[in-house]
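Presented below is the structure to which this report refers.
The values are calculated or read from the model by the stated rules, or taken from the named source; none is laboratory data. Just so we're clear, the structure is a prediction, and the values are computed from it rather than from any experiment. Cβ placement follows ideal geometry from the backbone for every residue including glycine, while neighbour counts extend to all protein chains displayed.
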């Protein structure tokens, strides 16, 4: 349930409600909006009558949350969540772009790609050091060496870094290098990992599972939120359907659906969503038009020689052109993209 306090409720009144909920056996989560404080109560409260909360001083109303995901719902928090990473705001007016290679391969490759995406307008460098691959014989990543290369490139070009965590034992390691921890599609329902990420104090980018419903996706986010980590971003990256012309089916309709159901920022990954370089730009444009808060795009300085996912990685020139197109689309829907000046380059591959 949610307890909505009056606009001028005092801190003592708020703490009294919190104490009553704790005594009833609920886990309590507080959200302070522009006008009111909202207190979420989740778990199996068994003691006392919740109806008594309505007559406590400072209480405006008590609302039952019907969705199975409580903290991720707009009933708990009507306002959009904005996540701040230093001076970067994610979920606000600006559409934030994460871009970079699928995986770190070498110092030259990482540095060159980071420089290219920075010039194009990306704010966050994406790159993997631990790669979950379908085949055990495929390139599995460079491990901590890859993280070192990625963070050095991010720092050199004033970018933030997002990188994937594959299991609980990697949280501290990846967290020392990355500003944002990514949960891949295969781990969306790794509940042990999600619980531990709930204890982390770093933003988490949670990708949708390849066969997950929107409700299952939001329930996975709930595991992280319930652990106390409120900085969760969702990422639509395509789902598995019977269609074979693309690697996955990118569910653009999930963007407005999730934005209605949840306050969490929504990113879109058109690279994994299509698996084809020639389809990435079109789906990225569609995602921004549909209301996505950000994009995560694979870019490689020489994708034809990439050790992983080269077929879906853009050339730097293609990324430049896409960013120029997005700067036209974003203002049409009241958003901005890459507000800092960008050094223009040619459109060639």
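All but one of (1) buried (at least 21 other Cβ atoms within 10 Å of the Cβ); (2) free of Cβ contacts under 8 Å to residues at least 24 places away in the same chain hold for residue 41; which doesn't?
(2)
Within segment 239-258, which residues are part of a helix (DSSP H, G or I) and either in contact (Cβ under 8 Å) with a residue 40 or more places away in the chain or in contact with a helix residue (DSSP H, G or I) (Cβ under 8 Å, 6 or more places away or on another chain) (or both)?
254, 255, 257, 258 - these are the residues of segment 239-258 that are part of a helix (DSSP H, G or I) and either in contact (Cβ under 8 Å) with a residue 40 or more places away in the chain or in contact with a helix residue (DSSP H, G or I) (Cβ under 8 Å, 6 or more places away or on another chain) (or both).
This table checks each residue for (1) closer than 28 Å to residue 250 by Cα; (2) in contact with a helix residue (DSSP H, G or I) (Cβ under 7 Å, 6 or more places away or on another chain); (3) assigned to a strand (DSSP E or B).
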{"site": "146", "(1), (2), (3)": "no, no, no"}
{"site": "153", "(1), (2), (3)": "no, yes, no"}
{"site": "173", "(1), (2), (3)": "no, yes, no"}
{"site": "193", "(1), (2), (3)": "yes, yes, no"}
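Residue-wise test of (1) closer than 19 Å to residue 222 by Cβ; (2) in the same structural domain as residue 219 (by TED's automatic domain parsing); (3) without any contact (Cβ under 8 Å) to a residue 40 or more places away in the chain.
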{"site": "10", "(1), (2), (3)": "no, no, no"}
{"site": "21", "(1), (2), (3)": "yes, no, yes"}
{"site": "30", "(1), (2), (3)": "yes, no, yes"}
{"site": "35", "(1), (2), (3)": "no, no, yes"}
{"site": "69", "(1), (2), (3)": "yes, no, no"}
{"site": "77", "(1), (2), (3)": "yes, no, no"}
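Would you call residue 218 at pLDDT 95 or above, more than 28 Å from residue 323 (Cβ to Cβ) and either in contact with a helix residue (DSSP H, G or I) (Cβ under 8 Å, 6 or more places away or on another chain) or in the same structural domain as residue 188 (by TED's automatic domain parsing) (or both)?
Against the criterion (at pLDDT 95 or above, more than 28 Å from residue 323 (Cβ to Cβ) and either in contact with a helix residue (DSSP H, G or I) (Cβ under 8 Å, 6 or more places away or on another chain) or in the same structural domain as residue 188 (by TED's automatic domain parsing) (or both)), residue 218 qualifies.
Has segment 243-256 got at least one residue that is in the same structural domain as residue 100 (by TED's automatic domain parsing), crowded, with 24+ Cβ neighbours inside 10 Å and either modelled with pLDDT under 95 or on the phi > 0 side of the Ramachandran plot (or both)?
The answer is no; no qualifying residue exists.
Looking only at segment 110-122, decide whether some residue is outside any strand (DSSP E or B), under 17 Å from the mean Cα position of the chain (by Cα) and under 20 Å from residue 269 (Cβ atoms).
For segment 110-122, residues outside any strand (DSSP E or B), under 17 Å from the mean Cα position of the chain (by Cα) and under 20 Å from residue 269 (Cβ atoms): present.
So which residues in segment 6-44 are assigned to a loop (DSSP other than H, G, I, E, B) and either under 25 Å from residue 224 (Cα atoms) or modelled with pLDDT under 85 (or both), if there are any at all?
If the condition is that a residue be assigned to a loop (DSSP other than H, G, I, E, B) and either under 25 Å from residue 224 (Cα atoms) or modelled with pLDDT under 85 (or both), then 24, 25, 26, 33, 34, 35, 36, 43, 44 are the ones that fit.
In segment 89-103, how many residues are outside any loop (DSSP other than H, G, I, E, B) and in contact with a strand residue (DSSP E or B) (Cβ under 6 Å, 6 or more places away or on another chain)?
Number of matching residues: 9.
Is one or more of the residues making up segment 64-81 assigned to a strand (DSSP E or B) and out of contact with any helix residue (DSSP H, G or I) (no Cβ under 9 Å at 6 or more places or on another chain)?
Looking through segment 64-81, none of the residues is assigned to a strand (DSSP E or B) and out of contact with any helix residue (DSSP H, G or I) (no Cβ under 9 Å at 6 or more places or on another chain).
So residue 273 ticks every box in (1) surrounded by 24 or more Cβ atoms within 10 Å (Cβ to Cβ); (2) under 19 Å from residue 124 (Cα atoms) but one. Which box is left unticked?
Here residue 273 clears every test but (2).
Considering each residue of segment 296-313, count those that are buried (at least 24 other Cβ atoms within 10 Å of the Cβ) and more than 24 Å from residue 69 (Cβ to Cβ), and give that number.
Residues meeting the conditions: 6.
Can you name the condition, by its number, that residue 280 falls short on among (1) surrounded by fewer than 24 Cβ atoms within 10 Å (Cβ to Cβ); (2) assigned to a helix (DSSP H, G or I); (3) touching a helix residue (DSSP H, G or I) at 6+ places or on another chain (Cβ under 7 Å)?
(1)
Give the residue that is farthest from residue 119 (Cα to Cα), with candidates limited to residues of segment 288-309 that are in a helix (DSSP H, G or I) and touching a strand residue (DSSP E or B) at 6+ places or on another chain (Cβ under 9 Å).
So the residue we want is 288.
Limited to segment 259-271, what total is found for residues that are in contact with a helix residue (DSSP H, G or I) (Cβ under 7 Å, 6 or more places away or on another chain), within 19 Å of residue 97 (Cβ to Cβ) and not in a loop (DSSP other than H, G, I, E, B)?
4
Residues checked against (1) closer than 16 Å to residue 297 by Cα; (2) more than 12 Å from the chain's Cα centre (by Cα):
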position: 229; (1), (2): no, yes
position: 238; (1), (2): yes, yes
position: 250; (1), (2): yes, yes
position: 253; (1), (2): no, yes
position: 267; (1), (2): yes, no
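Mind listing just one residue for me: the one in segment 209-233 that is under 22 Å from residue 160 (Cα atoms) and without any contact (Cβ under 8 Å) to a residue 60 or more places away in the chain and, of those, surrounded by the fewest Cβ atoms within 10 Å (Cβ to Cβ)?
Applying the filter and picking the extreme gives 229.
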